[in-house]
1. Could you tell me which of 149, 99, 126 has its Cα farthest along the dipole of segment 63-161 towards the positive end, charges placed at Cβ (Lys, Arg +1; Asp, Glu -1), taken about the Cα centre?
2. Rank by packing, highest mean first: peptides 86-97, 103-114, with packing defined as the count of other Cβ atoms within 10 Å averaged across residues.
3. From the backbone phi of segment 84-91, what are the Karplus-calculated ³J(HN,Hα) couplings (6.51 cos²θ - 1.76 cosθ + 1.60, θ = phi - 60°) in whole Hz, Gly and Pro given as x?
4. Give the lysines whose C-alpha is closer than 30 Å to that of residue 24, dropping any in the same chain fewer than 8 places away, or say none.
5. Rounded to the nearest 0.05, what FRET efficiency do residue 127 and residue 175 give with R0 = 45 Å and r taken as the Cβ-Cβ distance? Could you check?
6. Using the Kirkwood radius over C-alpha pairs as Rh, can you work out the diffusion coefficient of segment 51-115 via Stokes-Einstein at 20 °C, viscosity 1.002 mPa s, in µm² per second?
7. Toward the positive end of the charge dipole of the chain, about the Cα centre and with charges on Cβ (Lys, Arg +1; Asp, Glu -1), which of 112, 33, 13 goes farthest?
8. If you plug each phi of segment 33-43 into the Karplus form 6.51 cos²θ - 1.76 cosθ + 1.60 with θ = phi - 60°, what whole-Hz ³J(HN,Hα) values come out, in order, with x for Gly and Pro?
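None of the figures in this text is laboratory data; all of them are computed from the coordinates on show. The shown structure was predicted, so the numbers you read here are calculated from the model rather than taken from an experiment. Don't worry about glycine lacking a Cβ; one is built from the backbone with ideal geometry, like all the others, and counts go over all protein chains shown.
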Amino acid sequence: SETLAFSLTAAKITLKSSVASTFKIFNSSNQLTDTKAVNGTSTFNVTPGSYKVEVSAAGYITQVSGFKTAGQVTFDYTGGAGSDGALLEYASVSGLIQSGGAGVSGVAVSLGGVTVYTDASGSFTITGLIPGNYTYEISKAGYQTVSGSKNLTSGGNTLNTVSLVGLGSISGRVMTMA
């Protein structure tokens, strides 16, 4: 009777991404073991064990995989059938704030915990948002506050032109007759 013994001394990890990405590779102790820049496909040898990746790309939401045991394992973020998922772009929103047909500068636009102010032409842009439904508030002293909601998808979104209505004022003189 013969006994056959063997051990796995090398394993391969393949990384795939549809955009220029950075993959951080972590071992089963959650320690960073390597960082790879990938634009397409990259395969390299690793010590056998379990690994997970954190994949990031400019303008995209960072994603973290679950652990996979390396023998010949692939972390695929191209979005195709059988992939681990697709990189999802951050959302942004831009718009124009007007009153009487002219842009209004210095208007506070608050959305998703971020407040920006309109420029001299009444324009604004908020970037780096996770796609989803948001409530917004648009305000400036002397104008009625406007609020609403907007569903933001990946990439650029537009908030329709918002027209502010000025608050009225009362002036005059109070007189008493004695």
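1. My answer, from the dipole projection, is 99.
2. In decreasing order of mean packing, 86-97, 103-114 become 86-97, 103-114.
3. 6, x, 10, 5, 9, 5, 5, 9
4. By straight Cα distance, residue 24 reaches 12, 16, 36, 52, 68.
5. Efficiency, from the Cβ-Cβ distance: 0.20.
6. Estimated via Stokes-Einstein, D reaches 137 µm²/s.
7. Positive-end residue among those listed: 112.
8. 3J(HN,Hα) across segment 33-43, in whole Hz: 10, 6, 10, 10, 8, 10, 9, x, 9, 9, 10.
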